[in-house]
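Undergrad: First the structure, which I've put down as structure tokens, then a few questions once you've had a look.
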Amino acid sequence: YARAHQGLGYVALHRQRFDKAVAHFEAARELAPRRKRYWEDGLTQANAWKTLGLARDALAQSQLSKAKKHAKAAKEMHEAVAPHAELVLVNVLLAQGKDSAARKRLKALLAAHPDHIGALQVMVALLLDAGEHAKAEAMNERLKKLAATAAMAEAELEATRLRSDASLASAKGTQEDLEQALELLYKARRADPKAKWVLHDLVYAHLALRDV
């Protein structure tokens, strides 16, 4: 019976039903407390995924201290969960405006786990924001090969690239630069009409140009 619960526990893990996985591994432990091979690793992993879920929920609610605490705990609990917990810690740094520290940590994560989908997605976004378009496009191509649906579509990538260029231009603050930013944003709008953030940026660009 302990082996049956072990098997069901791993099935639940695969389906990301972590509470159910914990219940099965705890049942295996109760039936065979000395046969740790039936439950120890699975129970630790299931609890680690549950803790990571708490970290992700806290991050989504901008509870950064809580997210950091749970992510650190999950990272220490199980090696299978560690890279995903590290990505939460990267996103905490980004939410705190610590882009340089986040990028350094993200590079280390990708060096250790080069095919980590979530880490690649974040790096593509960071490279675009920094105006490093060639690197972003190359990394997005790599992401496509790993998981096509996780990569940016060509229209989205182009619009994001144009938005990044517009942001760099508008930061200079002169009338000429603001007009250039406006032109780039209209190009972004044409590249990806579904990008709602372009409308937001267009409004602010018009207001900024009016105030020059």
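Undergrad: Yes or no: E30 open to solvent by 90 Å² or more (accessible area, probe 1.4 Å) and free of Cβ contacts under 8 Å to residues at least 40 places away in the same chain?
TA: Working: open to solvent by 90 Å² or more (accessible area, probe 1.4 Å): yes; free of Cβ contacts under 8 Å to residues at least 40 places away in the same chain: yes.
So E30 passes the test.
Undergrad: Taking the condition of being open to solvent by 40 Å² or more (accessible area, probe 1.4 Å) and either in a helix (DSSP H, G or I) or in contact with a Phe, Trp or Tyr (Cβ under 6 Å, 6 or more places away or on another chain) (or both), how many residues in segment 166-180 meet it?
TA: Total satisfying the criteria: 7.
Undergrad: Of all the helices (runs of 4 or more DSSP H) wholly in segment 57-142, which have at least 2 residues that are under 25 Å from L157 (Cβ atoms) and without any contact (Cβ under 8 Å) to a residue 40 or more places away in the chain?
TA: Values: elements: 64-77, 82-95, 99-112, 117-129.
By residue number, 82-95, 99-112, 117-129.
Undergrad: If a residue has to be open to solvent by less than 30 Å² (accessible area, probe 1.4 Å) and among the polar types (S, T, N, Q) to count, how many in segment 123-149 make the cut?
TA: Residues meeting the conditions: 1.
The values are calculated or read from the model by the stated rules, or taken from the named source; none is laboratory data. Here the structure is a predicted model, which is why all the values come from computation and not from measurement. A quick note on method: Cβ atoms are made from the backbone with ideal geometry, for glycine too, and the neighbour counts reach across all protein chains shown. Remember, those area values only see protein heavy atoms, side chains included, never the ligands or the DNA or RNA. Shrake-Rupley method; radii C 1.70, N 1.55, O 1.52, S 1.80 Å.
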